[in-house]
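Input: a single structure, listed below in structure tokens.
Here, each number is a calculation from the coordinates, and none is a lab measurement. Note that the structure is predicted; figures quoted are calculated from it, not measured. All Cβ positions, even for glycine, are placed from backbone atoms using ideal geometry, and neighbour counts span all protein chains on display.
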Amino acid sequence: MFISKESSAVNLIGAWKDREIRIGEEWIGGHVIVSPNAIIRDWTVDSPAALAVTDLDDALALEPEIVIIGTGAALVLPMSDIVGTLGRQGIGVEVMNTPAACRTYNVLAHELRRVVAALFEPAA
């Protein structure tokens, strides 16, 4: 599905399909972390349900004000207290399926917010 045709100086998510996300003009497979200024490919995590705060270290190194976690094709709430832990650090957290996370990330990136999306690969 295509969600954005605009060009921009920041990393925007233009589309997704089974196991891939298009950031700019590049199709990226696997799990990925994206911010307006950085792309971390091959994010090594087990599953959305087993996600721990330490799995987000690369995302947190980008100094976000909000982290969006895309859990794949379906919404899966993480087992650990990620929302509470990051909230105590002043970082907002939203958890949603990956397609919704892509759309939300783009809106916040367009608003020039310090957003990072940690995305499990979408599946069709």
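Farthest toward the positive end of the dipole of the chain, out of Asn106, Gly90, Gly29, is the Cα of Asn106, where the dipole comes from beta carbon charges about the Cα centre. Region 28-60 and region 64-124 have Cα centres spaced 10 Å apart.
Per residue, the average separation of C-alpha pairs within less than 8 Å and at least 6 apart gives the chain a relative contact order of 31 percent. Placing unit charges on the Cβ atoms of the charged side chains and taking the dipole of region 13-119 about its Cα centre, the candidate lying farthest along the positive direction among Val116, Ala61, Gly14 is Gly14. Taking only the Cα atoms of region 51-93, the radius of gyration and Dmax are 10.1, 29 Å.
In this Cβ point-charge picture (+1 for Lys and Arg, -1 for Asp and Glu), the chain has a dipole of about 300 debye about its Cα centre. Estimate the FRET efficiency between His110 and Glu63 by the formula 1/(1 + (r/R0)^6), using the beta-carbon distance for r and 25 Å for R0, to the nearest 0.05. Taking R0 as 25 Å, the efficiency between His110 and Glu63 is 0.85. Here, the chain is characterised by an Rg to Rh ratio of 0.93, where Rg is the alpha-carbon radius of gyration and Rh the Kirkwood radius.
Run the helix sum for the chain: -39,500 (n - 2.57) per DSSP H stretch of 4+ residues, divided by residue count, reported at 222 nm to the nearest 500 deg cm²/dmol. List each step's numbers first, then the result.
Values: 3 runs with 24 residues, N = 124.
Helices in the chain give a 222 nm mean residue ellipticity of -5000 deg cm²/dmol.
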